[in-house]
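Student: First, the structure itself, so that you have it in front of you.
The values are calculated or read from the model by the stated rules, or taken from the named source; none is laboratory data. Please read these numbers as outputs of a predicted model, since none were measured by experiment. A quick note on method: Cβ atoms are made from the backbone with ideal geometry, for glycine too, and the neighbour counts reach across all protein chains shown. Please note that ligands, DNA and RNA were not included when accessible areas were found on the heavy atoms of the full protein model with its side chains. Shrake-Rupley method; radii C 1.70, N 1.55, O 1.52, S 1.80 Å.
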Amino acid sequence: MEDPIKPGAREVVAQLQQQGLKTYLITGDNSLTALSIARQAGISSENVFSQVRPGEKAELVKKLQAEGARVAFVGDGINDAPALEQADLGIAVSRASDIARDAADMILLKSEIEAVPESLGLARATLRTIKSLGVRPGCQ
């Protein structure tokens with residue numbers, strides 16, 4: 001038995017990978033389901049973490065950050081809140097739980113996953129603008 005992935009997910013993963021970004025699947029689902037979803041989405045099996053508890057999701061994000069990665073985490077549930085908060089950029093989809101929305105840095109107004117690459121591009125453009133203006137973090 002295989003779970004279907006969200007429409008457009010494979011294309012979104014391909015877009016992110018074409019931009020040089022690594023994609024991961026971190027889920028509380030069992031390993032067979034997680035690997036099936038990852039295969040359908042085009043995510044390498046070595047980047048799949050299954051049966052992960054909420055606090056462990058945040059620990060995985062911390063581990064990637066300790067390795068020098070900047071991490072964007074996309075989630076929608078209460079169990080994603082710790083990882084959304086830990087990530088360099090936490091992205092919640094519009095139908096996310098209130099807790100996930102509060103933990104995220106960015107809330108997508110569309111529920112479609114296709115908005116993720118666009119939102120990352122917008123975040124990069126905003127950062128470039130801030131840097132070009134010479135604004136330092138914490139300054140007003």
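Student: Any residue at all in the stretch 54-66 that is touching a residue at least 24 places away in the same chain (Cβ under 8 Å) and not in a helix (DSSP H, G or I)?
Tutor: Checked the stretch 54-66: no residue is touching a residue at least 24 places away in the same chain (Cβ under 8 Å) and not in a helix (DSSP H, G or I).
Student: Moving on to the next point. Can you name the residue in the stretch 30-49 that is touching a residue at least 12 places away in the same chain (Cβ under 8 Å) and more than 18 Å from Ala9 (Cα to Cα) and, of all such residues, is most open to solvent (accessible area, probe 1.4 Å)?
Tutor: That would be Asn30.
Student: Out of all the residues in the stretch 83-101, is one or more open to solvent by 90 Å² or more (accessible area, probe 1.4 Å) and within 23 Å of Gln17 (Cα to Cα)?
Tutor: no
Student: Among (1) in a strand (DSSP E or B); (2) touching a residue at least 24 places away in the same chain (Cβ under 8 Å), there is one condition Ala83 misses while meeting the rest; what is its number?
Tutor: Every listed condition holds for Ala83 apart from (1).
Student: Continuing with this model, one more query. Considering each residue of the stretch 9-20, count those that are without any contact (Cβ under 8 Å) to a residue 40 or more places away in the chain and under 20 Å from Arg124 (Cα atoms), and give that number.
Tutor: 5
Student: For the stretch 1-27: of the residues being open to solvent by 80 Å² or more (accessible area, probe 1.4 Å) and outside any helix (DSSP H, G or I), which is farthest from Ile113 (Cα to Cα)?
Tutor: Applying the filter and picking the extreme gives Met1.
Student: With the condition kept exactly as written, say whether any residue in the stretch 28-44 is in a strand (DSSP E or B) and farther than 22 Å from Leu127 by Cα. Show your work before the answer.
Tutor: The first filter runs over the stretch 28-44 and keeps only residues in a strand (DSSP E or B), leaving none.
No, every residue in the stretch 28-44 fails to be in a strand (DSSP E or B) and farther than 22 Å from Leu127 by Cα.
Student: Here are the criteria: (1) over 21 Å from Gly8 (Cβ atoms); (2) of a type outside the set (Asp, Glu); (3) in contact with a strand residue (DSSP E or B) (Cβ under 6 Å, 6 or more places away or on another chain). Tell me which single one Ser132 does not satisfy.
Tutor: The one condition Ser132 does not meet is (3).
Student: So Asp76 passes all but one of these: (1) surrounded by fewer than 16 Cβ atoms within 10 Å (Cβ to Cβ); (2) at pLDDT below 90; (3) among the acidic types (Asp, Glu). Which condition number does it fail?
Tutor: Only one criterion is unmet by Asp76, namely (1).
Student: Still on this model: Criterion first (touching a strand residue (DSSP E or B) at 6+ places or on another chain (Cβ under 8 Å) and open to solvent by 20 Å² or more (accessible area, probe 1.4 Å)) does Leu64 satisfy it?
Tutor: Details: touching a strand residue (DSSP E or B) at 6+ places or on another chain (Cβ under 8 Å): no; open to solvent by 20 Å² or more (accessible area, probe 1.4 Å): yes.
For Leu64, the condition - touching a strand residue (DSSP E or B) at 6+ places or on another chain (Cβ under 8 Å) and open to solvent by 20 Å² or more (accessible area, probe 1.4 Å) - is not met.
Student: Another question, then. For a quick check of your reading of the model, give me the residue pairs whose first member lies in the stretch 107-127 and is exposed (fewer than 11 other Cβ atoms within 10 Å of the Cβ), whose second is of a type outside the set (A, V, I, L, M), with beta-carbon atoms closer than 6 Å and at least 6 apart or on different chains.
Tutor: From the stretch 107-127, the pairs are Leu109/Ser94.
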